[in-house]
Amino acid sequence: MRVDLLPTIPGRALPQAPRAWQAGQVLLARVEGREGELTLLRIGGALYRAEGAPPLPAGQELALEVAEPGPPPVLRLLRGADDGVLTAALARAALPRQLPLAEALGRLLRLLSGERLAPPAREAAAALRAHLAAPRDPEGLRRAVLAAGPFLEARLARAAAEGRPPPQDDLKAALLRLAAHLPEGGAAEALEGALARIETAQLGALPRAGEPVVLAVELPLPQGEGLAPLTLRFEREARPGMAAGEGWSVTVGIELPELGPVWARIRLRGDDAAVTLWAEREATRRRLADTEALLRAQLEAAGLAAGGIHVRAEPAPPLPQARPPGPVVDEEA
């Protein structure tokens, strides 16, 4: 299947110009929507119109092989998701560009505040700022996790299946809307780093035989004049003799000036919950220990049998890391 690409933003310098594409090169693309009979694709931060592409849903990510460098370039759609070609290509594209989410978004917002933006970009930037509000209660935290970016495509698919409009509260969606109107520069690079971070988390959550499923979610929370990352890692354990879905652990971490680094890990086995808290500062450990009775009561109110609750004055142990599947190094390069 051949795809002919034409730039859709005249006069804009591209992060990777089509003339630099080589035959056999694999490119990462994201479907942005349709324009009549044409498909809008985002490749390397630039937007293109694709002729001859099959109908594809917005938000779908693709791996495209350069069949002819052109001009105009001709690309071939790779259908290699089953053998890891697609996921490996996605990982190779995302890993070098990713930045810690709070760092990338903090830099993006600082740079945007000093730029004169066109009205569409200004509206998209305002929507992004509005998204970065700290949750005030457990239900707010649940909604914030769902809207953190890694679940966007699943939410889009569910909304389409149920005949509902697509979600407007998703961080990845907000970044994609801003990317469509942002000129090239430092702000665009920070935005691409944030998107790549979310995409890396999505790739790392893909299941692999015999390995635990690990999903990392980062929530950038307002802290002073910047953003502090609230990190969550959800791990579904895979141990011999353990029923599917029986064992889960959730690890939460944040660093605040008045508390220092604080981590919490909750292990779930059916309705049994065990909690371990880590604080590097002794004063913080004492404050956490004073909340043990309240924490136990809240777990029981949620229908969980509170097992051991341990508070330690030491750094948290190494956390489970989400790994993108497939080879991320091109051995033929």
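The values are calculated or read from the model by the stated rules, or taken from the named source; none is laboratory data. The structure displayed is predicted, hence computed values, not measured ones. Positions of Cβ are generated from backbone atoms using ideal geometry, with glycine treated the same way; all protein chains shown enter the neighbour counts.
Among the numbered criteria (1) surrounded by 21 or more Cβ atoms within 10 Å (Cβ to Cβ); (2) modelled with pLDDT of 80 or more; (3) touching a Leu at 6+ places or on another chain (Cβ under 7 Å), which one does residue 104 miss?
Answer for residue 104: the failing condition is (3).
Return the residue satisfying two criteria in turn: it lies in region 133-149 and is assigned to a loop (DSSP other than H, G, I, E, B) and touching a strand residue (DSSP E or B) at 6+ places or on another chain (Cβ under 6 Å), and of such residues it is nearest to residue 179 (Cα to Cα).
Taking region 133-149 as the starting set, the residues that turn out to be assigned to a loop (DSSP other than H, G, I, E, B) are 133-137, 147-149.
Restricting the remaining residues to those that are touching a strand residue (DSSP E or B) at 6+ places or on another chain (Cβ under 6 Å) gives 134, 148.
Working: 134: 23, 148: 17 Å.
That would be 148.
Within region 54-70, restricting attention to residues that are out of contact with any helix residue (DSSP H, G or I) (no Cβ under 7 Å at 6 or more places or on another chain) and assigned to a loop (DSSP other than H, G, I, E, B), which residue is nearest to residue 29 (Cα to Cα)?
Only one residue tops the list, namely 60.
Examine region 72-83 for a residue that is charged (D, E, K, R), closer than 24 Å to residue 200 by Cα, at pLDDT 90 or above and outside any loop (DSSP other than H, G, I, E, B), and state whether such a residue exists.
Here is the first cut: in region 72-83, the residues charged (D, E, K, R) are 76, 79, 82-83.
With closer than 24 Å to residue 200 by Cα added as a condition, the list becomes 76, 79, 82-83.
Narrowing further to those that are at pLDDT 90 or above: none.
No; the residues of region 72-83 include none that is charged (D, E, K, R), closer than 24 Å to residue 200 by Cα, at pLDDT 90 or above and outside any loop (DSSP other than H, G, I, E, B).
Within region 222-237, is even one residue surrounded by fewer than 22 Cβ atoms within 10 Å (Cβ to Cβ), at pLDDT 90 or above and among the β-branched types (Val, Ile, Thr)?
Yes, region 222-237 contains at least one residue that is surrounded by fewer than 22 Cβ atoms within 10 Å (Cβ to Cβ), at pLDDT 90 or above and among the β-branched types (Val, Ile, Thr).
Report those strands (runs of 3 or more DSSP E) wholly inside region 256-315 carrying at least 1 residues which are among the aromatic types (Phe, Trp, Tyr), surrounded by 15 or more Cβ atoms within 10 Å (Cβ to Cβ) and in contact with a helix residue (DSSP H, G or I) (Cβ under 9 Å, 6 or more places away or on another chain).
Working: elements: 260-269, 272-279, 305-312.
Strands (runs of 3 or more DSSP E) meeting the threshold: 272-279.
From the residues in region 195-223 that are of a type in the set (Gly, Ala, Ser) and touching a residue at least 12 places away in the same chain (Cβ under 8 Å), which one is farthest from residue 252 (Cα to Cα)? Can you show your working first?
Applying the first criterion (of a type in the set (Gly, Ala, Ser)) to region 195-223 yields 196, 201, 204-205, 209-210, 216.
Imposing the further condition that a residue be touching a residue at least 12 places away in the same chain (Cβ under 8 Å) reduces the set to 196, 201, 204-205, 210, 216.
Values: 196: 22, 201: 16, 204: 18, 205: 17, 210: 24, 216: 10 Å.
Checking each candidate, the answer is 210.
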